[in-house]
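Inspection log for the structure reproduced underneath, given as structure tokens.
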Amino acid sequence: MPFLNTDIPELKGFDTGLCLSNLDILAVRQDRVSESVLAVLSELADAILHDAEGDPDTVDSILLSLQGIAEEGEAVAATHPVFAAVAPVNREALARMSARSGLYARLLLYAMIEERMPSPPIPRDGRSASSLPATVRGRIAYMPAAFADKAYLALSAVVDSPRAAATASFVDACEEVRSGLCEFCILPLENTHSGKLTAFTRLILRYNLQIQAVCDLENGAAEGQITRFALLRAVREGDFPAPLRLPPEGEPLYLELIHTGDSPSLTELLSAAEFCGIRLCRVDTLPPFEEYGEDTLPLSCVLDASRGDLTTFRRFLSLEASEDTVMGLYGSV
């Protein structure tokens, strides 16, 4: 067909061959731009690693400085040692990183740094094997009940030498972990009737806990009613969570976080996740929590990270979404 099939008057009569030819030219130019950007970012990644001497914390510090430079302009950039080392390269790289579409360039840079400074695979969290007293190791606090007992039996399967510690309330179970008397506690997270049980989300935030594993139990009293329980432990400052056990091949490894604020936006957060091969499972709106202020409506995001690049996404979260709260990295039992 020699002409475009369109109802738009301005396009009627345009030669399709000419349009396709123009698209081919644009595609070639795009490829050249992409190759140029990749070369620029690659040289910048090498400069950063050279300046940081491979130290991960120094790498993060330089990346944060470069983000500030990109926002403040070249006058500040000229004083930075990394910028001074390869000024022409960094000037173009910073322009790319600070542009409206700069997220993609920044993620490419993070990924290149990870490739040049490889991290080990996601480890099993081995804290219980070495860093806790024998009296605490494997102790799981929970409030006994028929349903909770089933959750304990399911979730204790991922704990080495588990031991139950009965408590009078869910708050007491959290207190046992905070006080260092127990390594874990069990709380319900959600059910098919009420959705997210936000009272327990508040407890998780208040006691600075992270989800280590979840199990779904069917309520025999009501057909189709399912409650999700979580095994949680205290967060060590500065730690990105590691699962107690990696799920079997083909089963999801969930990364759950609470997203707040506009920087980054939810769109940028999910775009970064997609870049890293991390798939969105669900997003829930939560009520205001005192931890985030009364005017903030936080979002609970659950992502499937089983086939994703967690090291690059972790760097993105730490550098660009530091106000978001990682609730856990876990599998289902």
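The figures follow:
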{"read-out": "Which numbered condition Arg202 misses (of (1) outside any helix (DSSP H, G or I); (2) modelled with pLDDT of 90 or more; (3) surrounded by fewer than 16 Cβ atoms within 10 Å (Cβ to Cβ); (4) not acidic (Asp, Glu))", "value": "(1)"}
{"read-out": "Test set (1) surrounded by fewer than 18 Cβ atoms within 10 Å (Cβ to Cβ); (2) not small (Gly, Ala, Ser); (3) not in a loop (DSSP other than H, G, I, E, B) - Glu223 fails condition number", "value": "(3)"}
{"read-out": "Any hit, the range 236-244, residues being at pLDDT below 80, within 30 Å of Pro56 (Cβ to Cβ) and basic (Lys, Arg)", "value": "yes"}
{"read-out": "Failed condition for Leu317, given (1) in a strand (DSSP E or B); (2) among the aliphatic types (A, V, I, L, M); (3) out of contact with any Leu (no Cβ under 7 Å at 6 or more places or on another chain)", "value": "(1)"}
{"read-out": "Residue tally, condition crowded, with 18+ Cβ neighbours inside 10 Å and either part of a helix (DSSP H, G or I) or free of Cβ contacts under 8 Å to residues at least 24 places away in the same chain (or both), over the range 165-197", "value": "5"}
{"read-out": "Subset of the range 245-270 that is over 18 Å from Met327 (Cβ atoms) and among the polar types (S, T, N, Q) - its residue that is modelled with the lowest pLDDT", "value": "Ser263"}
{"read-out": "Among the candidates Phe275, Phe313, residue that is under 20 Å from Pro241 (Cα atoms) and not basic (Lys, Arg)", "value": "Phe313"}
{"read-out": "Complete set of residues in the range 109-147 that are among the aliphatic types (A, V, I, L, M), modelled with pLDDT under 85 and under 16 Å from Arg233 (Cα atoms)", "value": "Ala129, Leu132"}
{"read-out": "Qualifying residue in the range 221-232 (condition: under 25 Å from Leu297 (Cα atoms), free of Cβ contacts under 8 Å to residues at least 40 places away in the same chain and under 21 Å from the mean Cα position of the chain (by Cα))", "value": "no"}
{"read-out": "Test: Leu209 is assigned by TED's automatic domain parsing to the domain that holds Met143, crowded, with 21+ Cβ neighbours inside 10 Å and under 26 Å from Asp60 (Cα atoms)", "value": "yes"}
{"read-out": "Leu244 vs. criteria in the same structural domain as Arg163 (by TED's automatic domain parsing) and either touching a Phe, Trp or Tyr at 6+ places or on another chain (Cβ under 9 Å) or in a strand (DSSP E or B) (or both)", "value": "yes"}
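The values are calculated or read from the model by the stated rules, or taken from the named source; none is laboratory data. Just so we're clear, the structure is a prediction, and the values are computed from it rather than from any experiment. Because the Cβ atoms are built from the backbone with ideal geometry, glycine has one as well, and the counts that use them run over all protein chains shown.
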